[in-house]
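*Asks:* Quick one: the structure is below, questions incoming.
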Amino acid sequence: MMADLVFGPELAVDDRASLLARIERSGVPEPDRDALLASDLSRLLVYRKLVRANLRDAMFSSIPRTMSRLGPLFDEYFDRFLADCAPQTHYLRDVTVELLDFCAPLWPEDPRVPDWAMDLARHEAVQIEVGAKAGGAHDEGTGALELDAPVQFIEAVRLMRYGWAVHLLSEDLDDRTVPEPRRTDLFVYRSPEHEVRYLELTPLAAAILERLLAGQALGASIREACAALTVEVDEAVIQGSARVLADLGERGALIGKREDQRA
Amino acid sequence: MNQPPAEKLSGVGLGLRWEFLDEVLEGPPLAVAFFEVSPENYMRRGGYYPAALERIGDRYPLVTHGLTLSLGGTTPPPSEYLSELRTETRRLKTPFHSDHLSFGTFGARVFHELLPLKLSGESARRVADRVRQVEDFLALPMAVENITWYAHPGAQEMPEADFIAEVLHESGASLLLDVNNVWVNAQNQGFDPQAFISNLPLDRVVEIHVAGHSRTSSGLILDTHGAPVVDPVLELLEWTLERTGPVPVLLERDNEIPELSVLLAEVEKLRSVYERAIRKKEARLARSA
């Protein structure tokens with residue numbers, strides 16, 4: 001009953017008929033039903049306001065520009081999210097990602113939602129996601145890289161792949177500039193100083209890192225990425241890959257060879 | 001479980017918030033007896049905040065106060081959540097863990113808010129069972145906190161004070177008495193807060209919370225933790241401490257958080273209340289002896 005009042009459709013404070021219908025739908029036993037019907041509905045509905053305000057505040061701290069740009073459209077999807085599934089996580093910081101996962105299949109179908117909206121939302125949300133990601137048991141140095149072994153990254157990394165250059169947009173909540181439509185790949189990691197940092201990658205570097213993050217061996221990652229992008233595996237590619245990986249190592253994002261398995 | 005806390009807290013503490021965490025970490029020692037933290041903000045998390053909290057734990061006693069155990073929920077909390085909570089309470093070396101006499105989940109859905117329980121014997125026994133299970137899992141004494149509530153979800157079968165007493169009796173847990181919540185409920189529901197507190201087993205109180213609140217246009221008082229503690233709540237705190245003796249008192253501030261110096265001034269004010277109440281209690285004991 002409380003879940004329905006909080007997450008379900010809005011209920012007017014004097015709409016006793018709808019209240020009765022919801023009580024009956026919830027299977028509330030008779031003494032409780034009578035007590036609820038006799039109660040001050042405005043006080044019951046306080047909980048709807050409290051829950052929604054708390055969740056909305058948490059989301060605003062994570063994706064403020066997306067919410068500002070979408071305005072009432074965001075509220076519409078917020079309502080749908082609460083009504084259809086609601087938060088499942090005990091961690092308030094993770095509710096935004098749950099909402100975005102809910103919206104991911106819906107927004108492309110809705111012509112009112114700009115094509116870049118999900119990229120911007122994911123880009124905003126990744127800051128808290130990577131900033132808060134738990135450290136792993138493997139966040140200790142391992143051996144030097146080998147072509148036939150996978151690579152060990154720290155836990156707090158993400159490869160973000162966008163169709164729009166949302167990372168170049170202003171932080172200003174009032175900015176309404178439309179992002180440039182272009183393939184953008186960012187490697188996002190948490191530095192040893194706990195700062196979330198972003199590196200823009202070439203398409204080839206992104207393709208290699210995507211495979212490495214999936215656990216493929218270094219050599220196979222380079223070969224498959226080159227094949228996917230129809231790039232020849234030559235000395236320049238090998239040298240370039242080595243430079244990128246060395247850079248990630250210096251930044252503390254790449255630890256070394258993964259010891260537990262070989263491809 | 002149900003053993004008394006190994007390290008007894010006393011004095012006036014402050015709820016640790018990220019807005020002033022750096023100041024606590026980098027500044028000189030503060031006149032704060034302990035800090036209280038919500039473990040959910042640090043559990044299953046890496047990065048700056050858990051690292052900072054560990055350093056604060058080297059300088060000040062910490063006590064954990066949870067938000068999402070949903071002690072009155074019809075389904076138990078997920079085992080992963082409990083495991084993380086156990087890891088965190090051990091990491092922070094809290095003498096006990098507290099959470100609220102409320103529910104915050106319905107099936108898999110999590111409200112992230114404290115919803116009121118039906119005040120009935122059945123509900124009290126369910127909460128007590130859950131408290132015992134959590135205590136056993138955490139291997140840590142538990143305290144339960146009375147909440148502010150604005151509506152009762154059905155037919156109320158017993159007074160709230162009796163409900164709290166029954167949960168404590170059945171579970172063996174301690175009480176975290178939120179004096180502001182009692183006062184707010186008393187105003188909203190029209191009862192005498194001192195009579196309410198007199199009906200509680202005050203020998204089970206291990207901590208007291210105070211906070212500020214706000215009033216809506218309809219006159220309803222909301223427990224917002226967004227304002228200084230008002231004088232009537234300070235008076236009720238003093239009256240309560242005269243009866244409980246020197247249990248630790250915590251200032252909560254979660255919204256409209258001012259400069260740390262403002263909060264420290266409020267802690268100082270609470271300390272005056274605390275010391276005056278303890279002196280009065282000791283004087284009364286001396287007279288009766």
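*Asks:* Under 27 Å from the Cα of B:Lys269, which lysines turn up, not counting those fewer than eight places away in the same chain?
*Replies:* In chain and number order, the partners are B:Lys8, B:Lys280, B:Lys281.
*Asks:* Right, next: With a sphere of radius 10 Å drawn around the Cβ of A:Thr66, what net charge do the other residues whose Cβ falls strictly inside it have (Lys, Arg +1; Asp, Glu -1)? Present the calculation step by step, with values, prior to reporting the outcome.
*Replies:* Values: positive: A:Arg65, A:Arg69, A:Arg122; negative: A:Asp119, A:Glu124.
Within the 10 Å Cβ shell, the charges total +1.
*Asks:* Taking the Cα centre of each part, how many Å lie between the range A:54-69 and the range B:50-89?
*Replies:* Computed from Cα coordinates, the inter-centre distance equals 25 Å.
*Asks:* Counting other Cβ atoms within 10 Å of each Cβ, which trypsin sites (Lys or Arg not before Pro) in the range B:66-170 have at most 13 and sit in a DSSP loop?
*Replies:* For trypsin sites (Lys or Arg not before Pro) across the range B:66-170 that sit outside H, G, I, E and B with at most 13 neighbouring Cβ atoms in 10 Å, the list reads B:Lys93.
*Asks:* Which GluC sites (Glu not before Pro) in the range A:141-206 sit in a loop by DSSP (not H, G, I, E or B) and have at most 12 other Cβ atoms within 10 Å of their own Cβ? Mind dumping the intermediate values first?
*Replies:* Numbers: sites: A:Glu146, A:Glu155, A:Glu171, A:Glu193, A:Glu195, A:Glu200; in loops: A:Glu146, A:Glu155, A:Glu171, A:Glu193, A:Glu195.
When the GluC sites (Glu not before Pro) of the range A:141-206 are filtered for loop state and at most 12 Cβ neighbours within 10 Å, A:Glu171, A:Glu193, A:Glu195 remain.
*Asks:* Please label the shape of the range B:189-289 as rounded, prolate or oblate, based on the square roots a ≥ b ≥ c of the eigenvalues of the alpha-carbon gyration tensor (a/c under 1.5 means rounded; beyond that, a/b larger than b/c means prolate, else oblate). If you can, show how the numbers build up before the last one.
*Replies:* Numbers: a/c = 2.48, a/b = 1.43, b/c = 1.73.
The shape class here is oblate.
*Asks:* Loop only by DSSP, 13 or fewer other Cβ within 10 Å of the Cβ. Give me the trypsin sites (Lys or Arg not before Pro) in the range A:160-263 that pass, ordered by residue number.
*Replies:* On the way: sites: A:Arg161, A:Arg176, A:Arg182, A:Arg183, A:Arg190, A:Arg197, A:Arg211, A:Arg223, A:Arg243, A:Arg251, A:Lys257, A:Arg258, A:Arg262; in loops: A:Arg176, A:Arg182, A:Arg183, A:Arg251, A:Arg258, A:Arg262.
For trypsin sites (Lys or Arg not before Pro) across the range A:160-263 that sit outside H, G, I, E and B with at most 13 neighbouring Cβ atoms in 10 Å, the list reads A:Arg176, A:Arg182, A:Arg183, A:Arg262.
*Asks:* Residues with beta-carbon under 14 Å from that of A:Leu20, excluding A:Leu20: net charge, scoring Lys, Arg +1 and Asp, Glu -1? Working shown, then result.
*Replies:* Working: positive: A:Arg16, A:Arg22, A:Arg25, A:Arg33; negative: A:Asp4, A:Asp14, A:Asp15, A:Glu24, A:Glu30, A:Asp32, A:Asp34.
Taking every other residue near A:Leu20 into account, the sum is -3.
*Asks:* Over all directions, average the projected area of the Cα convex hull of the protein assembly as shown and note it in nm².
*Replies:* On the way: hull surface 116.9 nm².
Convex hull of Cα atoms, orientation-averaged projection: 29.2 nm².
*Asks:* Rounded, prolate or oblate for the range A:134-263? Axes are the square roots of the Cα gyration tensor eigenvalues, ordered a ≥ b ≥ c, and the cut-off for rounded is a/c under 1.5. All intermediate terms of the calculation are to be shown ahead of the outcome.
*Replies:* On the way: a/c = 2.48, a/b = 1.35, b/c = 1.83.
It comes out oblate by the Cα gyration axes.
*Asks:* What is the dipole size for chain A, taken about its Cα centre, with +1 at each Lys and Arg Cβ and -1 at each Asp and Glu Cβ, in debye to the nearest 20?
*Replies:* Working: 30 positive and 46 negative charges, 20 e Å.
Approximately 100 debye in magnitude.
*Asks:* Can you tell which of A:Ala205, A:Ala156, A:Val166 lies farthest toward the positive end of the dipole of the range A:134-263, using +1 and -1 charges on the Cβ of basic and acidic side chains (Lys, Arg; Asp, Glu)?
*Replies:* Selected residue: A:Ala205.
*Asks:* Could you give the length gained by full extension between A:Glu232 and A:Asp148, i.e. 0.36 nm per residue of separation minus their alpha carbon distance, to one decimal place? Kindly include the intermediate steps, with their values, before the conclusion.
*Replies:* Numbers: separation 84, 0.36 × 84 = 30.24 nm, distance 1.93 nm.
Between A:Glu232 and A:Asp148, full extension yields 28.3 nm more.
*Asks:* Using the basic label-point model (7 angstrom from Cα toward the beta carbon), what is the A:Arg251 to A:Arg56 distance in nanometres?
*Replies:* Here the answer is 3.7 nm between the modelled labels.
*Asks:* Taking the Cα centre of the range A:134-263 as origin, sum charge times position over the Cβ atoms of Lys and Arg (+1) and Asp and Glu (-1), and report the length of that vector in debye to the nearest 20.
*Replies:* Working: 14 positive and 23 negative charges, 66 e Å.
Computed about the Cα centre, the dipole is about 320 debye.
*Asks:* Given the options B:Pro29, B:His213, B:Leu202, identify the residue whose Cα lies farthest towards the positive end of the charge dipole of chain B (+1 on Cβ of Lys, Arg; -1 on Cβ of Asp, Glu).
*Replies:* Of the listed residues, the answer is B:Leu202.
*Asks:* Under the Kirkwood approximation for Rh and a Cα-based Rg, what ratio Rg/Rh is obtained for chain B? Intermediate values should be presented prior to the final figure.
*Replies:* Values: Rg = 18.2 Å, Rh = 19.4 Å.
For chain B, the value is 0.94.
Readers should treat all values here as calculations from the given coordinates under stated rules, not as data from a laboratory. Here the structure is a predicted model, which means the values were calculated and not measured. Counting neighbours? That spans all protein chains shown, and the Cβs are built from the backbone with ideal geometry, glycine included.
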